[in-house]
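The values are calculated or read from the model by the stated rules, or taken from the named source; none is laboratory data. Note that the structure is predicted; figures quoted are calculated from it, not measured. Every residue, glycine as well, gets a Cβ built from its backbone with ideal geometry; the counts of neighbours run over all protein chains shown.
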Amino acid sequence: MSEEQAMSPDHEIGTTTEEELPQELQAPPEEVVAVLAEEMHVATGTREPILQSSGVSMVFGGLRALSDVTFSLGEGEIIGLIGPNGAGKTTFFNCLTGLYSPTSGQVTLRGKPMPKDPARVTQAGVARTFQNIRLFPSMTAMENVLVGRHVRMKQGPLSSLLHGPRFRRSEAEAHDRAEKLLAFVGLGRFSDELARNLPYGDQRRLEIARALATDPSVLLLDEPTAGMNAQETEATRQLIFAIRDLGVSVVVIEHDTKFIFTLCDRVLVLVQGELLVEGSPDEVRGDPRVVEAYLGAPPDEVEAQIHAGATAGPGTGGPGLQEGSTD
Ligand SMILES: Nc1ncnc2c1ncn2[C@@H]1O[C@H](COP(=O)(O)OP(=O)(O)OP(=O)(O)O)[C@@H](O)[C@H]1O
Ligand SMILES: [Mg+2]
């Protein structure tokens, strides 16, 4: 098994849900947010389109996984992408990030064609996390974040070879940023812990820190709360708000509808590869097509689920709520 292969949770997840969030799960400390916002870039809040797709389709053999998907993410916006298992959500992220080359259609970043390979997509300012966590399990939390940071390090090969002053300065800066990012996601205390020893929820947060280390303008999160308890889910909601406040525009795939409806400015519903409904959380929640096609349950049951704050982790058995394995 390679280091980069998905890790499975090897820790029990905590059970407390009602008490106040423990300190490490609270919204990132204000002073850390302020410094990071200065070092990264602060949202203009203009809602100018930053990431767009136009008529994106993806066909695998005889299967049409995406049909003509057109969308636009505005600067400073948080968009939710929901839909049943196999709807094409992860495939859409894969098309946006160069992992798949769409069968037809275009993806643009600030109006320019998106590069075709994932490394250059990251360079261009689009970072992502994966549905199945991909960390380096035998590396520490700090080292995992530093891997993300290397995308932005500028020293040339000679400087690295000689370990000259520029190299040392650059390494120190990378370390400093990684430390701030670990504090930002609530993992400051676990900097030296091996990734594989971290509880599942912390691994998900570590993946977010690593993605943020690449200085993205856009962050794509594929099921960031899968497997989390209610408390960790709430902490992740606060974290994503804080990420948006850093100036990063966000698209989130999630099955937990309460999470999506209370987090996102806009929600897109993908069903069988087609964008069925798009609107504000209230519009989407009230749309009978969503209830019927996506949630597959009577409206009152769906509403009850939404208002009860049910958190659907993998295998919890709700309609269309099991975690898939496509990525
Ligand atoms: N590389 C691939 N080759 C063939 N079929 C694929 C590939 N990737 C995805 N698919 C198919 O495309 C469809 C959409 O899959 P995708 O993983 O995008 O769904 P999803 O909405 O992310 O589902 P889930 O909620 O379960 O994660 C599925 O039928 C899946 O089997
Ligand atoms: Mg998926």
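Summary table below
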item	result
Qualifying helices (runs of 4 or more DSSP H) (wholly inside region 210-327; at least 1 residues being modelled with pLDDT under 60, assigned by TED's automatic domain parsing to the domain that holds M58 and more than 24 Å from R128 (Cα to Cα))	299-308
Close pairs (9 angstrom Cβ cut-off, 6 or more residues apart or separate chains): over 13 Å from T70 (Cα atoms) and free of Cβ contacts under 8 Å to residues at least 24 places away in the same chain in region 90-102, in a loop (DSSP other than H, G, I, E, B) and away from ligand 1 (no atom under 12 Å from the Cβ) anywhere	G98/M114; G98/P115; G98/K116; G98/D117; L99/D117; S101/K116
Of residues in region 53-81 being within 9 Å of ligand 1 (Cβ to nearest atom) and aliphatic (A, V, I, L, M), the one surrounded by the most Cβ atoms within 10 Å (Cβ to Cβ)	L66
Odd one out for L220 among (1) away from ligand 1 (no atom under 16 Å from the Cβ); (2) surrounded by 18 or more Cβ atoms within 10 Å (Cβ to Cβ)	(1)
Some residue of region 222-239 being at positive phi and within 16 Å of ligand 2 (Cβ to nearest atom)	yes
Options F241, F184: the member that is in contact with a helix residue (DSSP H, G or I) (Cβ under 6 Å, 6 or more places away or on another chain), under 25 Å from E39 (Cα atoms), touching a residue at least 12 places away in the same chain (Cβ under 8 Å) and among the aromatic types (F, W, Y)	F184
